Amino acid sequence: MLIREASHDDWPRIWPFWHRIVSAGETYAWDPGTSEEVARALWMNPAKQVYVVEGDTSTVVASAYLTPNYGGPAAGIANAGFMVDPDRAGRGVGRRLAEHVVAEARAAGYRGMVFNAVVETNPAVALWTSLGFTILGTVPEAFDHPRHGLVGLHIMYRAL
Ligand SMILES: CC(C)(COP(=O)(O)OP(=O)(O)OC[C@H]1O[C@@H](n2cnc3c(N)ncnc32)[C@H](O)[C@@H]1OP(=O)(O)O)[C@@H](O)C(=O)NCCC(=O)NCCS
């Protein structure tokens, strides 16, 4: 499994699973109807460090971004986002990618990492907790989940 920085050419291979994940409306606080153009601007934003995971035949099976969560004097706190192709989920890719991004953030000098909006029903909460993140608080009934109804959004943090 190769984890490398993304190039612009990777976007067409990220978009299919990006679209599948966001249009499901279960995990990200983005419009499920987000167009490809807007999605590209969100994910491949020049302010973000973007990573991809290559599968066996140079396919892209996952992507992540790393960016400052705040500006100015608080720019030492990172934010990151993760997406694994649902067809490749549950096989350790997300854990490996998250460990890589945490290490990259630390190497870049970030002092901590924050996830601003982790849907409380997302199995990813267990992954983040196992990687040392704690729930700082929960915004109640913030996210309208297609199956669970109104659920909370966790703010999660770990020092680096
Ligand atoms: C969350 C996500 C990045 C995890 O990637 P993954 O490759 O599926 O996860 P892994 O196979 O590395 O599993 C890591 C851990 O995640 C948890 N996990 C992942 N999927 C799970 C599921 N469907 N049910 C229960 N636990 C799950 C487990 O705690 C697992 O622990 P283990 O390593 O001890 O088995 C991926 O499922 C994904 O892209 N989901 C949709 C987008 C999303 O939710 N992003 C995160 C937003 S906060």
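FYI, it's all coordinate maths here, none of it is from the lab. Just so you know, these numbers come straight off a predicted model, no measurement behind them. Here the Cβ is made from the backbone with ideal geometry for all residues, glycine too, and neighbour counts use every protein chain on show.
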How many angstrom lie between the C-alpha centres of the range 142-158 and the range 30-108?
20 Å
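Mind sorting Thr57, Thr138 by how few other Cβ atoms lie within 10 Å of their own Cβ, fewest first? Write out the running numbers ahead of the final one.
Values: Thr57 5, Thr138 15.
Placing the least packed residue first, the sequence is Thr57, Thr138.
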Let me check I've understood the local charge: for Ala159, count other residues with C-beta under 13 angstrom from its C-beta, Lys and Arg +1, Asp and Glu -1. What total comes out?
+3
Could you tell me what a quarter of the Cα convex hull surface of the chain works out to, in nm² with one decimal place?
9.2 nm²
Take the Cα of Ala75, step 7 Å along the line toward its Cβ, and report every residue of the range 108-124 whose backbone nitrogen sits under 11 Å from that point.
none
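If you rank Leu97, Leu160, Leu2, Leu66 by fewest surrounding Cβ atoms within 10 Å, what's the result?
Leu2, Leu160, Leu66, Leu97
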